[in-house]
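*Asks:* Handing you a structure now.
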Amino acid sequence: MDVLFVHNNFPGQFVHAAQAFARRPGVRVFGVGGPTARPRPHVGLAAYRIPEKPPSGGHPLGERFNSDVIRGELAAGAMQRLKKEMGCDPALVVGHTGWGETLFARDLFPNARHVAFCEFFYNASGADVGFDPEFPEQGLRTALRIRAKNAGMLTALAAADLGLSPTEWQKSQHPRFLWDRIAVAHDGIDTRAAAPKANARFRLPDGRELRPRDEVITFVNRQLEPYRGYHVFMRALPEILRRRPEAQALIVGGDGVSYGRKAPDGKSWKDIFLDEVRDRLDMSRVHFLGQIPKPDFLAMLQVSTAHVYLTYPFVLSWSLLEAMAAGAPIVASGTAPVREAVEDGVTGRLFDFFDVAGLAEAVCRTLQDRETLGPMRRAARDFAVSRYDLASVCLPKQMSLFDQLVSGAAAG
C-alpha cells in the first residue's frame, strides 16, 4: 500500500504519522512539499519550487485563491513525478489545506481516500480577526477578504473524504454543515520528554544556572508578536519584577511575524513593546533567548515556576501543552482555545487576555504559592498526558482514523 502526505513545509504535522506508516511492512510512504520540505527516512519526497515571479492579476480579493491555485498546480506536478518515477499509487492521501497543495490531489489520485487537515478556518468575527482593539481589523472590506481567503480550503475539503482538526475549537470554526465530516485528533506531544525533572538545570547565556528552586517566569512564542500576547506580557512584566525581586524572566521567540501584521517602519514587535517598558525593567533579569534548541526549551520548562501563555482565539500552541506536561505552573489567557486545555484553578490560572494588572497578579500569586501548587501541577500533567500524549493517545487515534478510512474503501 502507498500513502502520500502533502504539506507546504513537509512533514509538518504529519511527521509522526508518516514514520508510523513507514514502519509497517508493505507500506510505501511518499511526501509532497514546497521549497522548505525536509527529507525524512524511508519517505519518497517530491518538492516543488515556486517561480520567482508567480503569475498575478485578477481581482485583489482573489489573490489568495490565485496563490493557492499556483501552489496546487505545482504540487500536482510533484505528484505526477512520484507516479511516473516511483510508481506512487496511494490508497490514502493526507494533506494540509492551508496553502493550496491539495486542490488537485483528487484529480491525480481519484481512487484514493483523501484526508484534509483542517487547521484553521478564517472568520471575520468571533475569532482572531477584530479580537484586539489595539490592532483593529474590521469593516466590510475585511469581511470580504476573510471570506475569499477560505475559498481554497473549502474547495480542497469538498474533494476530501474526511477532515481532521487538532482541537474541538479549531473544528468549530468551520461552517456547521461540515462538522460531521471533520474528526478531531491532536498532533500530539512527547510527554516522556516534556516531564517534570527535580534536578533540572537551565543555563543562561551569561553562564548563570537556574534550577527549580529559583523563581523563573517563562514566556514562549514562535515569534514575539501580538497574536500570542507579547504586548500584554511585556506591559505586565515591570510590575511582576517589582513585586518579585528575585524573579528571572525567560522569553523565547524570534523577531519576525508568523500570524499577524508586520510591525510598522521596519521595526520588530519585540523591540516596539520592549522599548515601551524598558525604562521600568531591570534588564539583568530579563533574558531574550531567541529560538532555542528543543532540549534547552524542555529544560527551561522544567525549571519554570510560572509559565505565561497568551493567544488570540487562534490555533493552540504546542508549547502550552508541553509546559503542562513538564509540570510548569500555568498562567494563561482565558481565550476559547486555551479553555479547552486549561481549567481555571484546577490545571492553571486564567485571566482576561487584555487585563495587564490581572496577569501581573496571577503571576505573582503563582510565584508566591509555588510550594502549594503541587496538586495543580500534577493535574495539568495528568490532563496533558491523558489528552495529548503522542505515543498513547494522539498517534493511535490518527492511525485508527486513517485505517478505518482505507479499510472502508477496500470493503466498499
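*Asks:* Name the residues in the stretch 370-390 that are of a type in the set (Asp, Glu), surrounded by fewer than 17 Cβ atoms within 10 Å (Cβ to Cβ) and at pLDDT 95 or above, would you?
*Replies:* Of everything in the stretch 370-390, just one residue is of a type in the set (Asp, Glu), surrounded by fewer than 17 Cβ atoms within 10 Å (Cβ to Cβ) and at pLDDT 95 or above, namely Asp382.
*Asks:* Could you tell me which of the residues Gly126, Gly100, Gly95 is surrounded by fewer than 18 Cβ atoms within 10 Å (Cβ to Cβ) and touching a residue at least 24 places away in the same chain (Cβ under 8 Å)?
*Replies:* Gly126
Every residue, every condition in (1) of a type in the set (A, V, I, L, M, F, W, C); (2) at positive phi, yes or no:
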| position | (1), (2) |
| --- | --- |
| Asp275 | no, no |
| Leu281 | yes, no |
| Ser284 | no, no |
| Thr305 | no, no |
| Phe314 | yes, no |
| Leu321 | yes, no |
| Ala326 | yes, no |
| Val338 | yes, no |
| Gly345 | no, yes |
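*Asks:* Can you give me the number of residues within the stretch 43-69 that are at pLDDT 95 or above and either over 22 Å from Ala156 (Cα atoms) or surrounded by fewer than 17 Cβ atoms within 10 Å (Cβ to Cβ) (or both)?
*Replies:* Selection size over the stretch 43-69: 2.
*Asks:* Scanning the stretch 146-160 for residues that are touching a helix residue (DSSP H, G or I) at 6+ places or on another chain (Cβ under 6 Å) and surrounded by fewer than 23 Cβ atoms within 10 Å (Cβ to Cβ), which turns out farthest from Asn66 (Cα to Cα)?
*Replies:* Across the stretch 146-160, the extreme among qualifying residues is Ala159.
*Asks:* What strands (runs of 3 or more DSSP E) completely inside the stretch 298-386 contain at least 3 residues that are of a type outside the set (S, T, N, Q), more than 17 Å from the chain's Cα centre (by Cα) and not assigned by TED's automatic domain parsing to the domain that holds Tyr122?
*Replies:* 349-351
*Asks:* Would you check if Arg261 is assigned by TED's automatic domain parsing to the domain that holds Ser317 and at pLDDT below 95?
*Replies:* yes
*Asks:* A further question on this structure: Return yes or no: is Gly126 within 20 Å of the chain's Cα centre (by Cα), modelled with pLDDT under 95 and either under 30 Å from Glu371 (Cβ atoms) or not assigned by TED's automatic domain parsing to the domain that holds Ala326 (or both)?
*Replies:* Yes.
*Asks:* In addition: If you scan the stretch 74-83, which residues turn out to be under 22 Å from Gly26 (Cβ atoms) and surrounded by fewer than 19 Cβ atoms within 10 Å (Cβ to Cβ)?
*Replies:* Lys83
*Asks:* Do you know which of the residues in the stretch 139-149 that are part of a helix (DSSP H, G or I) and of a type outside the set (Val, Ile, Thr) is nearest to the chain's Cα centre (by Cα)?
*Replies:* Lys149
*Asks:* While we're on this one: Among the residues of the stretch 342-353, are any hydroxyl-bearing (Ser, Thr, Tyr), out of contact with any Lys or Arg (no Cβ under 7 Å at 6 or more places or on another chain) and surrounded by fewer than 22 Cβ atoms within 10 Å (Cβ to Cβ)?
*Replies:* no
The values are calculated or read from the model by the stated rules, or taken from the named source; none is laboratory data. These numbers were taken from a predicted model, which means no experiment stands behind them. In this analysis, Cβ positions are derived from the backbone assuming ideal geometry, glycine residues included, and neighbour counts consider all displayed protein chains.
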